[in-house]
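> Sharing a structure below in structure tokens format, with a few things to ask.
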Amino acid sequence: MNASTNPIPARMRGVNRAEICDVNFQEFVRDWNGRADARPAPDEAILDGSALDARSFRELFESQLISRHLDLMARVLRVQNKVFYTIGSSGHEGNAMVARLTRHTDPAFLHYRSGGFMAERFRKLPGMDPIMDSALSFAASKDDPASGGRHKVWGSKPLWVLPQTSTIASHLPKAFGTAVAIEQGRRIGHKLPIPDDSITICSFGDASSNHATAQTAFNAAGWTAYQKLPAPVLFVCEDNGIGISVKTPNGWVERNFSERRDLDYFYADGLDLASGYGDVQRAVEHCRRTRRPTFLHLRTTRIMGHAGTDFEIEWRSIEELCAVEAGDPLLRSAAIALESGLMSNDEILGLYEDTRRKCFAAAEDADSRPRLTELADVMAPLAPYTPDKVQAEATRFDYNDKRAAAFGGEAKLPEKQAPKHLAIQINQALHDLFCKYPEALLFGEDVAQKGGVYTVTKGLHKAFGNKRVFNTLLDETIILGLAQGYGNMGMLPLPEIQYLAYFHNACDQIRGEAASLQFFSNGQYRNPMLMRIASLGYQRGFGGHFHNDNSITALRDIPGLIVGCPSRGDDAAMMLRTLAALAKVDGRVCAFLEPIALYMAKDLHEPGDGQWLTDYPAPDTALVLGEERVYNPEARDCVIFSFGNGVPMSLRAAREIERQHGWKVRVVDLRWLVPLNEAAIARHAGDCARILVVDEGRHSAGVGEGIITAITEAGHGAKPLRRIVGADTFTPLAGAAFLVIPSEAEIVAAAASLAKG
């Protein structure tokens, strides 16, 4: 390649490490002057003693070159604003061996340095082009088949590569969950979308292996294997010895993982295809045969820095950089091709330059394609909602025979019983969902024989068995990782998080993983789930903050998540049906907040009045997403907006407000906290002369801000309005708890302040 055709600008020569690696390869091949006795036949070993045949080596080498030239192309075109991502795979091209030795139906959750893996996996199906698909992703083109231009991701629907962004270990729990789900599907008779003997592949870096989220996946895998339960996950640690600029201590990965009794360790040299191939093969075959979690420690290196903006020369010595670049795996692959006699110097250089031309041509083509320019297009796959289909599914009732068996006969069906409180109606609704959906699974801490801390899941384990209702280890991250895995395999997971405060331990499994999958896969993949969380305060001072958490904003801030919060039993049952339908039909990630303090509430105004007990709604009824419940809808003097615990409080306060001021008070139970029904809020605010917003969330971060914003933006902000809200503090024990959350007296006092003008 002469200077006139070299796409690397002259101003970058001599200082750009990408160019140096490029030139190193060409000079190495050009200057090699050894001799080979004969060219090996396609099915002969590429070198004596190697498990890799010549045909496979040639294709792996081609995949390595594709990965390398995609990196080089990205570095050049980034400065021209034609490429928007430069975290490369250079030095990691040996992961192509993992792709070759696994199937395209083995779900893969990949490290961002997986260019070699992807190029090789593309061989599994005819007619696919790894260069063009990757170029479209680098260019953020709408035509990108993985994400539709939303992010540079390694992903492919036909190749079962579930898109990952720049995750740091957060994909390990769901990879483990998917491996468990493969086996769980067989146990419950669920037809999987992939072969029953599939394994899950999960790759990550040596630095990421130290992350808490990674460690929780390794622990759960070991916990599972210790009990002789199958979990066929292949953890691939691509050890390049450094995380951005922090070096991994020599020998640390081997020391940390080689002696874990319930995580089977294999080592392979990812820098040498001829010697590493057999070891990768043994790890893959072991995982598939034994169905045990397997740890493949793959030696790699990192050349050209962490990303295009990482100028290593500023913090690493030139001697160290040269030593790293001398370990380039492409140099070793070229040497194997030459030593074996498979390829000549000119053949290798011709293939090298031909691959470069293809990558640059694809990049120029991708740059000419349209990009996302409209907000609606960006958001289209984030939160799909097909109301008619969801409602039809939510009200579908074709399982009465199963109900009768589950409840113990027609006479014991819940709709034929006396009114009941919230906890029982949730329990009855869960029984119904399990009759309706044979693929439904309920799991979490203490949910099985015990029936949950508050007995809300009592009887489900007995009725539906340990295959569908089961306890997990005490780890919210893994509970939500399992939920994602079951969703990937077409099941309907109902994970339970014991308290809202415990959700924060695992929030990123929803924020960064489950809720983002439809967005980053352009709607091709989905993580349907119905997550139940015992929530909120008012437990008469019991338990303090961790059992009275009101941090709803942590959920409301997750794009695409649906959050429902009932205050009474009939609403809870109908809401559960709608949430399950949203998960099944539209693949939505849903959170169901159960107000703990209302679980056993029976009375509303006076002891024994039974006004907070409800009939069980007929199984063919359900809520509409966003639909509110309105008490005293004809009232126009004042409206109170609330949810959860605030609803019965507001109803009691409304009676006192009417007694003191003569106002007729409308109370609106929002029921749905994400998305808020802004049109309904505006309508009720417009109907009434005064507005109260009762929010047990915190002053700086609750639900009330969203309600008031909806009111203001609808043009009703000038009306007399007060917000009754919790304080910006954690919840203390005993009676002090009631000092930090809204009270009925505060609602009445707020109304009095409105009465004064």
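The values are calculated or read from the model by the stated rules, or taken from the named source; none is laboratory data. Note that this is a predicted model, so its numbers are computed, not measured. Heads up, the Cβs are rebuilt from the backbone with ideal geometry, glycines too, and the neighbour counts pull from every protein chain shown.
> Filter the range 720-739 for residues that are closer than 17 Å to residue 668 by Cα and either charged (D, E, K, R) or free of Cβ contacts under 8 Å to residues at least 24 places away in the same chain (or both) and give the result.
Selection gives 722, 723.
> Next up: Taking residue 681 as the residue in question, decide whether it is assigned to a helix (DSSP H, G or I) and buried (at least 22 other Cβ atoms within 10 Å of the Cβ).
So residue 681 passes the test.
> Condition first: assigned to a loop (DSSP other than H, G, I, E, B), buried (at least 23 other Cβ atoms within 10 Å of the Cβ) and hydroxyl-bearing (Ser, Thr, Tyr). Can you find one or more residues in the range 194-201 that meet it?
For the range 194-201, residues assigned to a loop (DSSP other than H, G, I, E, B), buried (at least 23 other Cβ atoms within 10 Å of the Cβ) and hydroxyl-bearing (Ser, Thr, Tyr): absent.
> Taking the options 749, 737, name whichever one is at pLDDT 95 or above, assigned by TED's automatic domain parsing to the domain that holds residue 674, more than 29 Å from residue 679 (Cβ to Cβ) and over 32 Å from the mean Cα position of the chain (by Cα).
Checking each option against the conditions leaves just 749.
> If you don't mind, there's one more thing I want to ask. Given (1) in contact (Cβ under 8 Å) with a residue 12 or more places away in the chain; (2) over 29 Å from residue 488 (Cβ atoms), identify the lone condition not met by residue 397.
Of (1) in contact (Cβ under 8 Å) with a residue 12 or more places away in the chain; (2) over 29 Å from residue 488 (Cβ atoms), only one is false for residue 397: (2).
> One residue is enough: does the range 557-567 have a residue meeting the conditions touching a Cys at 6+ places or on another chain (Cβ under 7 Å), buried (at least 24 other Cβ atoms within 10 Å of the Cβ), free of Cβ contacts under 8 Å to residues at least 60 places away in the same chain and closer than 30 Å to residue 651 by Cβ?
Checked against the condition, which is being touching a Cys at 6+ places or on another chain (Cβ under 7 Å), buried (at least 24 other Cβ atoms within 10 Å of the Cβ), free of Cβ contacts under 8 Å to residues at least 60 places away in the same chain and closer than 30 Å to residue 651 by Cβ, the range 557-567 yields no hits at all.
> So which residues in the range 100-141 are within 23 Å of the chain's Cα centre (by Cα), closer than 23 Å to residue 332 by Cβ and surrounded by fewer than 21 Cβ atoms within 10 Å (Cβ to Cβ), if there are any at all?
Across the range 100-141, there are no qualifying residues.
> Under 6 Å between Cβ atoms, which residue pairs at least 6 apart in sequence (or on different chains) link something in the range 28-54 that is under 18 Å from residue 330 (Cβ atoms) with a partner that is at pLDDT 95 or above and of a type in the set (Lys, Arg)?
none
> Would you please name the residue that is farthest from residue 140 (Cα to Cα), looking only at residues in the range 522-532 that are surrounded by fewer than 23 Cβ atoms within 10 Å (Cβ to Cβ) and of a type outside the set (Lys, Arg)?
525
> Then there's this: Of the residues 118, 132, 128, which is of a type in the set (A, V, I, L, M), outside the structural domain of residue 508 (by TED's automatic domain parsing) and assigned to a loop (DSSP other than H, G, I, E, B)?
Step by step, each of 118, 132, 128 is checked, and only 128 is of a type in the set (A, V, I, L, M), outside the structural domain of residue 508 (by TED's automatic domain parsing) and assigned to a loop (DSSP other than H, G, I, E, B).
> Criterion first (in contact with a Gly (Cβ under 7 Å, 6 or more places away or on another chain) and either surrounded by fewer than 22 Cβ atoms within 10 Å (Cβ to Cβ) or not hydrophobic (A, V, I, L, M, F, W, C) (or both)) does residue 452 satisfy it?
No, not satisfied.
> Let me ask you something else. Would you call residue 553 surrounded by 22 or more Cβ atoms within 10 Å (Cβ to Cβ), in contact (Cβ under 8 Å) with a residue 12 or more places away in the chain and among the hydroxyl-bearing types (Ser, Thr, Tyr)?
Answer is no for this residue.
> Then there is this: So for the range 302-318 (the condition being surrounded by fewer than 17 Cβ atoms within 10 Å (Cβ to Cβ), touching a Pro at 6+ places or on another chain (Cβ under 8 Å) and not hydroxyl-bearing (Ser, Thr, Tyr)), does at least one residue qualify?
no
> Which one of 395, 455 is under 30 Å from the mean Cα position of the chain (by Cα) and either at pLDDT 95 or above or of a type in the set (A, V, I, L, M) (or both)?
When all the criteria are applied, what remains is 395.
> Quick check: is even one residue across the range 291-314 among the basic types (Lys, Arg), under 27 Å from residue 217 (Cβ atoms), assigned by TED's automatic domain parsing to the domain that holds residue 79 and at pLDDT below 95?
Yes, that holds for at least one residue.
> Spot the failing condition for residue 368; the list is (1) surrounded by fewer than 16 Cβ atoms within 10 Å (Cβ to Cβ); (2) polar (S, T, N, Q); (3) in contact with a strand residue (DSSP E or B) (Cβ under 8 Å, 6 or more places away or on another chain), and only one is missed.
Result: residue 368 passes all but (3).
> Within the range 722-750, which residues are surrounded by 18 or more Cβ atoms within 10 Å (Cβ to Cβ) and outside any helix (DSSP H, G or I)?
Those that are surrounded by 18 or more Cβ atoms within 10 Å (Cβ to Cβ) and outside any helix (DSSP H, G or I): 722, 723, 724, 725, 726, 731, 740, 741, 742.
> Does the range 86-99 include one or more residues that are under 30 Å from residue 377 (Cα atoms), polar (S, T, N, Q), in contact (Cβ under 8 Å) with a residue 24 or more places away in the chain and surrounded by fewer than 24 Cβ atoms within 10 Å (Cβ to Cβ)?
Yes, some residue in the range 86-99 is under 30 Å from residue 377 (Cα atoms), polar (S, T, N, Q), in contact (Cβ under 8 Å) with a residue 24 or more places away in the chain and surrounded by fewer than 24 Cβ atoms within 10 Å (Cβ to Cβ).
> Something else now. Please enumerate the residues belonging to the range 19-52 that are assigned to a helix (DSSP H, G or I) and surrounded by 12 or more Cβ atoms within 10 Å (Cβ to Cβ).
Scanning the range 19-52 gives 19, 20, 21, 22, 23, 24, 25, 26, 28, 29, 30.
> Looking for whichever is of a type outside the set (S, T, N, Q), surrounded by fewer than 23 Cβ atoms within 10 Å (Cβ to Cβ) and outside any loop (DSSP other than H, G, I, E, B) here; the options are 254, 238. Which one fits?
One residue alone meets the criteria, 254.
> Determine whether the range 238-246 contains at least one residue that is farther than 17 Å from residue 293 by Cβ and touching a Leu at 6+ places or on another chain (Cβ under 6 Å).
Yes; the residues of the range 238-246 include at least one that is farther than 17 Å from residue 293 by Cβ and touching a Leu at 6+ places or on another chain (Cβ under 6 Å).
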